[in-house]
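Asks: I'd like to ask you about the structure that follows.
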Amino acid sequence: MAFIDFKDSELYVENLQAKELAAEYGTPLYVYSKGALSDRFNAFEDALKSKKHQVCFAVKACSSLAVLHLMAKLGAGFDIVSEGELRRVIAAGGDPKKVVYSGVGKTESEIEYALSAGINCLNIESPEEIDTVIAVAKRLGVVAPVALRVNPGVDAKTHPYISTGLKNNKFGVCEEEAFELYKKMAKEPCLKVSGIDCHIGSQMTTGAPILEATDKILSLYNKLLAEGIKVDHIDMGGGLGVTYDKETPPSVAEYVSPILKKLENIDVALYLEPGRAMVANACLLLSKVVYQKNNGGKHFVITDTGMNDMIRPALYGSYMTIVNATVHADGETVVSDIVGPICESDDFLGKDRALNVRNGDILAVKGAGAYGSSMSSTYNSRRLPCEVMVDGDKSYVIKKRQSFEDIWKDETVID
């Protein structure tokens, strides 16, 4: 089912017109489809049903309490990278026992909070972190469930900023080092060697890299088993790509099936950490056209939505599909740069887009659910956008637009 689509020349989110949502709540506006989010989660559950598993939603992709609450209700676990994300999960009703915690810079206090909360697994990313976890576990008098995040040296064939599985990336420990570190951890009474973790990158549009990584993780698993070290899960991370433009990533079933095939005779649970694949195309960012102009033959469509609201194009050079929420039967299509109000030359939502646009129109940035709201800021003292969730023919505010006073409420002046 298409939860976000055109009907009679108007863009709809489920049963509500995008332009009517913009009129009611203002712009910039993030609009999520509850049906699309549920549908994507269920696609992972269906694909994994033949094996013990846990789908851990990657909180960094979209940290909205409403989205996390929906995921928790659907049965999701969570992949986190900070104490703040764990606190968000708990505030949203998520179960800490379904949380896996990665990140290269976990502090002692963050580790203490996570172990006290009873999370599922700490994914350790350096030899020194092992020593910190041991010290914290001893102080708390608990047995810490741990895995190593193994960096298998596999190229995810994606943007270098979101590639995480190569030796020149900061994440994890190299596969050559992992075996000895596992032996060290297995000797510690305050550690429970629970799993093997791996995440090689994001926005993968082919399944080949994840299968190469799976083979390397299985090789380590077999070495550990021969050493008498039995883990209860293998976590292959996230990374399944989505369609922003003309990408043709595999379906969830196509992506998962070959991994399951490799693990079918292995007595472990499979954990996956989808974020982008779950939420990206379940959300639009709505923007209003405020001006248009030509500069020496270059046409600009100026909107009220900037890089502070959606930084992916400026940060990664990412292409995001932009459509007019109303298809005009007449008027001229012009190739334009879609830009925002921020005082930076790289403040754009899209370049060289052929659009038929009038002032006051509502433009929709598609694929906005992942790394949109979660990376937004108040740069130029612009307020964080309003966010709504659509459920059928009803919409709900899940995050109020900031007041200006909210921006500086934690600041003070001195004389």
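The values are calculated or read from the model by the stated rules, or taken from the named source; none is laboratory data. Note that the structure is a prediction, hence the values are computed from the model and not measured. Every residue, glycine among them, receives a Cβ derived from its backbone with ideal geometry; neighbour counts consider all protein chains shown. These area figures cover heavy atoms from the full protein model, side chains too; ligands, DNA and RNA do not enter into them. Shrake-Rupley method; radii C 1.70, N 1.55, O 1.52, S 1.80 Å.
Asks: Counting only Cα atoms, I'd like the Rg/Rh figure for segment 1-119, Kirkwood definition for Rh.
Replies: Radius of gyration relative to Kirkwood radius: 1.07.
Asks: Considering amide H positions built from the backbone, and no H for Pro or chain starts, which residues 5 or more places from Val173, or on another chain, come under 5 Å of its amide H?
Replies: Under 5 Å from the amide H of Val173: Arg149, Val150, Asn151.
Asks: Give me the accessible area per residue for the chain, probe 1.4 Å, as a whole number in Å².
Replies: 43
Asks: Where both partners of a DSSP beta bridge lie in segment 73-228, what percent of those bridges are antiparallel, to the nearest 5?
Replies: That works out to approximately 5 percent antiparallel.
Asks: Moving on to the next point. For the pair Asp46 and Lys97, what calculated FRET efficiency results from E = 1/(1 + (r/R0)^6), where r is the Cβ-Cβ distance and R0 = 25 Å, to the nearest 0.05?
Replies: 0.60
Asks: Follow-up. For segment 99-140, divide the Cα radius of gyration by the Kirkwood radius and give the resulting Rg/Rh value with two decimals.
Replies: In segment 99-140, Rg relative to Rh is 0.90.
Asks: Hey, in the GNM for the chain with a 10 angstrom Cα cutoff, which one of Leu86, Leu225, Leu270 fluctuates hardest?
Replies: Result for the chain, Cα springs under 10 Å: Leu225 fluctuates most.
Asks: Another question, then. Anyone know which of Ser345, Ser202, Ser64 comes out most mobile in the 10 Å Cα GNM of the chain?
Replies: Ser345
Asks: What length, rounded to one decimal in nm, is gained on full extension from Glu177 through to Ala208, with 0.36 nm per residue of separation minus their alpha-carbon distance?
Replies: 8.7 nm
Asks: Let me have the relative contact order for segment 202-342, percent, based on Cα pairs under 8 Å that are six or more residues apart.
Replies: So the answer I get is 23 percent.
Asks: Restricting things to alpha carbons, find the Rg to Rh ratio for segment 234-387 using the Kirkwood radius for Rh.
Replies: Result: Rg/Rh = 1.09.
Asks: Under a 5 Å amide H to amide H cut-off, with H placed in plane at 1.01 Å, what residues pair with Thr303 once short-range neighbours are removed?
Replies: For Thr303, the qualifying residues are Val290, Val339, Gly340.
Asks: Karplus couplings for segment 401-415 from phi (6.51 cos²θ - 1.76 cosθ + 1.60, θ = phi - 60°), rounded to Hz, Gly and Pro as x?
Replies: 5, 4, 7, 4, 4, 4, 4, 10, 5, 9, 9, 9, 10, 10, 9
Asks: Computing the accessible area with a 1.4 Å probe over protein heavy atoms, can you report the carbon and sulfur percentage for the chain?
Replies: Whole-percent figure for carbon plus sulfur exposure: 49.
Asks: Can you pull the one-decimal nm distance between simple spin-label points at Ile90 and Glu247, each 7 Å off the Cα toward Cβ?
Replies: About 3.4 nm separates the two model spin labels.
Asks: Right, another one. For the chain, how big is the tail of P(r) above 30 Å, as a whole percent of Cα pairs?
Replies: Considering the chain, 45 percent of its Cα-Cα pairs are separated by more than 30 Å.
Asks: Looking only at segment 3-40, which residues have a backbone nitrogen under 20 Å from a spot 7 Å from the Cα of Ser403 in the C-beta direction?
Replies: The answer is 25-28.
Asks: Which percentage, to the nearest 5, of the DSSP beta bridges contained in the chain is antiparallel?
Replies: 50
Asks: Determine which residues of segment 343-386 fall in the zone a paramagnetic label at Tyr316 would reach in this model, i.e. backbone nitrogen under 13 Å from the point 7 Å along Cα→Cβ.
Replies: Counting only backbone N, you get 367-375.
Asks: Using the structure shown, select from Lys97/Lys399; Lys170/Lys288; Lys51/Lys184; Lys366/Lys394; Lys187/Lys262; Lys7/Lys399 the pairs with a Cα to Cα distance greater than 32 angstrom.
Replies: Lys170/Lys288
Asks: Between Thr132, Thr333, Thr27, find the one with the highest GNM mean-square fluctuation for the chain; connect C-alpha pairs within less than 10 Å.
Replies: Residue with maximal mean-square fluctuation among Thr132, Thr333, Thr27: Thr333.
Asks: Where in the chain are the DSSP H helices whose alpha-carbon span along the long axis reaches 27 Å or more and whose Kyte-Doolittle mean is at least -0.5?
Replies: Sorted by number, the helices that extend far enough and score high enough are 208-226.
Asks: Count the DSSP beta bridges whose two residues both fall in segment 219-376, then state the antiparallel fraction as a percent rounded to the nearest 5.
Replies: So the antiparallel bridges in segment 219-376 amount to around 75 percent.
Asks: Pairs of Cα atoms under 8 Å, at least six residues apart: use those to get the relative contact order of the chain, whole percent.
Replies: 19
Asks: Another question, if that's okay. Can you list the HN-Hα couplings for segment 2-7, worked out from phi with the Karplus curve (6.51, -1.76, 1.60; θ = phi - 60°), rounded to whole Hz and with x for Gly and Pro?
Replies: Values per residue, Gly and Pro as x: 8, 7, 10, 6, 8, 9 Hz.
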